[in-house]
Amino acid sequence: MAEGGEGERLHKRIASSGLCSRRAAEQLILQGRVSVNGRVVTQLGTKVGPDDRVEVDGQPLARPKRLTLVMNKPEGVLTTLSDPRGRRTVAQLLPRLDTTVKPVGRLDMDTSGVLLFTNDGELAARLTHPRFGVVKEYRAEVLGVPDERDLERLRSGVPLDGRRTAPAEVELAAVRRNGQTSLVVLRLHEGRNRQVRRMLEAVGHPVAKLRRTKFGPISASRMAPGECRLLGLEEVNRLRSLVGLPPESEQRRARRRRLGVAHPQPS
């Protein structure tokens, strides 16, 4: 079974298999009808890893298929699967799947670019945990032209909420509109709330337009706004290697092919 903050809650694993709802799964656990790796578990909140064997009434639970996708998120779309105010969400752009995939981290409503989705809870947790330092690359169009002193402040860290940001790679990529705006490329391994916007505002160059161009090795450079695609085996294993997880097998790759996941049309 998973230790610490990693892994997936047992009742969620049962529900994601399609056997029953989460609430019904909790009742199965309390009734002593669920075992993990041959041991009966009755404690709610127990977490399991992707390779743990879960049984209900002695019958093995169907393992959910691990899926990881990348979306080229457009501006004006919320990174959430539902919104009580009826605003447009990323859920409306995802292809039809036989499992629920969730966003890995967030992009704010006005930021576009690379957004990963997965139903692999352990992979998602590690990709967003500061301990693993996965680098995200951003291209920001900002007002004015940062000088070398501004760039160095960004590289060494600026105070946000009383805590300095971690060192980052920063470069001035282009000057536009006769110096009215410029393009700054940043590579960060942190993921604090609206961090890129706040960093650039702190050095006097507010963001006019922001795009995430890479999450680790994954990009969306040839994808239309709103398009999604399933990651291939090599891409998934590059992500897994970054965060210390073993590679997926060729058998899983064959299973992905049989799914026939369609790409949604950009909207």
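All of the numbers you see were taken from the coordinates with simple rules; none came from a lab. What you are looking at is a predicted structure, and each value in this text was computed from that prediction instead of being measured. Glycine also receives a Cβ, built like all others from the backbone with ideal geometry; neighbour counts cover every protein chain displayed.
Given the DSSP H assignment, sum -39500 (n - 2.57) over each helix run of at least 4 residues in the chain and divide by its residue total; what's the result at 222 nm in deg cm²/dmol, nearest 500?
-6500 deg cm²/dmol
Can you list the HN-Hα couplings for region 129-146, worked out from phi with the Karplus curve (6.51, -1.76, 1.60; θ = phi - 60°), rounded to whole Hz and with x for Gly and Pro?
7, x, 4, 8, x, 5, 7, 10, 10, 10, 10, 10, 8, 10, 6, x, 10, x
Could you grab the Rg to Rh ratio for the chain? Cα atoms only, Kirkwood for Rh.
That ratio equals 1.03.
Output the relative contact order of region 135-215, whole-number percent, from Cα pairs under 8 angstrom with separation of 6+ residues.
47
For region 135-215, how big is Rg over Rh, using alpha carbon atoms and the Kirkwood form of Rh?
Details: Rg = 11.5 Å, Rh = 12.4 Å.
Here the Rg-to-Rh quotient is 0.93.
Cut-off 10 angstrom, C-alpha nodes, Gaussian network model of the chain. Which of Arg197, Arg87, Arg240 fluctuates the most?
Largest GNM mean-square fluctuation: Arg87.
For region 70-171, what mean projected area does the convex hull of the alpha carbons give, in nm²? Show your work: numbers first, answer last.
On the way: hull surface 34.5 nm².
Taking a quarter of the hull surface, the average projection is 8.6 nm².
Along the principal axes of its C-alpha atoms, what lengths does region 28-128 span, in descending order and rounded to whole Å?
Sorted from largest, the Cα extents of region 28-128 read 48, 26, 24 Å.
Just to be sure I follow the rule: in the chain, considering lysines 8 or more places apart or on different chains, how many pairs have Cα atoms under 24 Å apart?
15
Counting other beta carbons within 10 Å of each residue's own, what order do Thr42, Thr80 fall into, fewest first?
With the fewest neighbours first, Thr42, Thr80 line up as Thr42, Thr80.
Going by how many other Cβ atoms sit within 10 Å of their own, how do Arg22, Arg153 line up, fewest first?
The order, fewest Cβ neighbours first, is Arg22, Arg153.
Can you tell me how region 8-60 classifies by the Cα gyration tensor, rounded, prolate or oblate, using a/c under 1.5 as the rounded cut?
Here region 8-60 falls in the rounded category.
What translational diffusion coefficient, to the nearest whole µm²/s, does region 111-153 have by Stokes-Einstein, given a Kirkwood radius computed over alpha-carbon pairs, a temperature of 4 °C and 1.567 mPa s viscosity?
The diffusion coefficient I find is 95 µm²/s.
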